[in-house]
Structures are given as C-alpha cells and as structure tokens.
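Notes to accompany the following structure.
Quick note: the coordinates plus some simple rules give every number you see, no bench work behind them. Being a predicted model, the structure only gives us computed values, none of them experimental. Here the Cβ positions follow ideal geometry from the backbone for every residue, glycine too, while neighbour counts run over all protein chains shown.
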Amino acid sequence: MAPPKRRTGGRVTPKGTKPGQLPRASAAPIGSGTSTRTSATAGVTPSSRYTPPIPHSVRESPRWLPVLMLVFFAIGVGAILARYLLSDSVGNWLVFAGLAFVLSGLYTATKWH
C-alpha cells in the first residue's frame, strides 16, 4: 500500500489581502466580523486579473507569410539537390546554404497563425 499523500498548500497571504497588496499592520482581528476592504478593486494591479484573449484580427498572419515559407523551403531543397546533382567541385557551401534556407522556412512556419 502506498503511503498517504502529504497535504501541501493552504493560505500563503494573510486573510483579507489581495495579490500584490501588502498586509495591513492595523487590520481587524480575524473573525471579528469587520471588513477592512473599501472597494472590490482597490489595490489590484492590472496583471493580477483576467486578461482577455487577443482578437483574431491581431493574430492573423499576413497573406505573404506562407508564400515566403514555401519559397524558403524550395530554395533550401533546391540548393541541397543542386549540391548532389552537380559535380563535387562545388563544395559543401551549397549544403550549408540549403540548410539555412530550410531552417528559415521552419522559423517562418512558427509565425503562421
């Protein structure tokens, strides 16, 4: 039988505080029934609340991006094939250039939404 799980977690900040808010030294005792809060949004930083998603108009990629990606792939594959179809006197620079273009195409593919 497995050992019982340890209980972790629980309250990290004093009761009645919000994220980003420093605890008050003169707060009412816990359980006294009086609330020290003045407003529901007082002391809340903008980053500690829900952030709405980015609109689709912002997330759309330009129409030329997939074309550029395919051009990078085609140039890269063409350069690698040219190295092996031409004589060996060309050297390895075509392979490295082809790999650079293929990697550029992969990088461009990550920007396509």
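Values computed for the structure shown
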| quantity | calculated |
| --- | --- |
| Overall Cα dimensions of segment 59-110 - principal axes, largest extent first, Å | 46, 13, 9 |
| Footprinting exposure proxy for Arg49, Arg83 (fewest neighbouring C-beta atoms within 10 Å first) | Arg49, Arg83 |
| Order of Ser104, Ser61, Ser89 - criterion: other Cβ atoms within 10 Å of each residue's Cβ, fewest first | Ser89, Ser61, Ser104 |
| Cα-based reach from Lys5 at 30 Å (exclusive), listing lysines while leaving out same-chain residues under 8 positions away | Lys15, Lys18 |
| Ascending count of other beta-carbon atoms within 10 Å, so fewest first, for Phe73, Phe96, Phe101 | Phe96, Phe73, Phe101 |
| Gain on full stretching of the segment that runs from Ala100 to Ile54 - 0.36 nm per residue minus C-alpha separation | 13.3 nm |
